[in-house]
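Asker: Let me begin by handing over the structure; questions about it come next.
The values are calculated or read from the model by the stated rules, or taken from the named source; none is laboratory data. Keep in mind the model is a prediction, meaning the values are calculated, not measured. With ideal geometry, Cβ positions are generated from the backbone for all residues, glycine too; neighbour counts draw on all protein chains shown.
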Amino acid sequence: MLSAVVITVLCYQPVDLALISPTFKHIEDKTNRLNTYAKQVGLVINVKKTKLLRINNKDHRDLNIGGKAIENVENFSYVGARVSTEGGGEEDIHERLRKAQEAFRRLSRSWNSSVYSTTTKVRLFN
């Protein structure tokens, strides 16, 4: 059983944090402590951008910050990795492959162009 919360803390620059816990009670305690400490230094947790992902967790109680429920999601991206309720990395691998294919598709005109020399293309690649 795992619960993961991605919390966006509003300060000069939004900061994303991931809290991971084996039980709902632990994630609830961590979230409440973080909210308390954030308030003490003048930071605010953006509840609208905060997401809760449950992996193999049967406890479906709402997690609240300041009386507002956090949205439950089936998957989200965190630091470029795709995380889902299914666990594993298959969805993440497919997402990374899709991004790589898109990047190569965008570069195909440059690679196939006769305007740029092979030397220039190799320098761009490296």
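Asker: One residue is enough: does segment 31-42 have a residue meeting the conditions assigned to a strand (DSSP E or B), farther than 30 Å from residue 97 by Cβ and among the small types (Gly, Ala, Ser)? Before you say what the answer is, go through the steps one by one.
Answerer: Here is the first cut: in segment 31-42, the ones assigned to a strand (DSSP E or B) are none.
There is no residue in segment 31-42 that is assigned to a strand (DSSP E or B), farther than 30 Å from residue 97 by Cβ and among the small types (Gly, Ala, Ser).
Asker: Give me a count of the residues in segment 33-75 that are among the β-branched types (Val, Ile, Thr) and touching a residue at least 24 places away in the same chain (Cβ under 8 Å). Step through it out loud before you land on a result.
Answerer: Looking only at segment 33-75, we keep the residues that are among the β-branched types (Val, Ile, Thr), and these are 36, 41, 44-45, 47, 50, 55, 65, 70, 73.
From what's left, touching a residue at least 24 places away in the same chain (Cβ under 8 Å): 44-45, 50, 55, 65, 70.
Total meeting the criteria: 6.
Asker: One residue is enough: does segment 64-77 have a residue meeting the conditions small (Gly, Ala, Ser) and assigned to a strand (DSSP E or B)?
Answerer: Yes, some residue in segment 64-77 is small (Gly, Ala, Ser) and assigned to a strand (DSSP E or B).
Asker: For residue 88, only one of the following conditions fails: (1) exposed (fewer than 12 other Cβ atoms within 10 Å of the Cβ); (2) farther than 17 Å from residue 30 by Cβ; (3) modelled with pLDDT of 85 or more. What is its number?
Answerer: (3)
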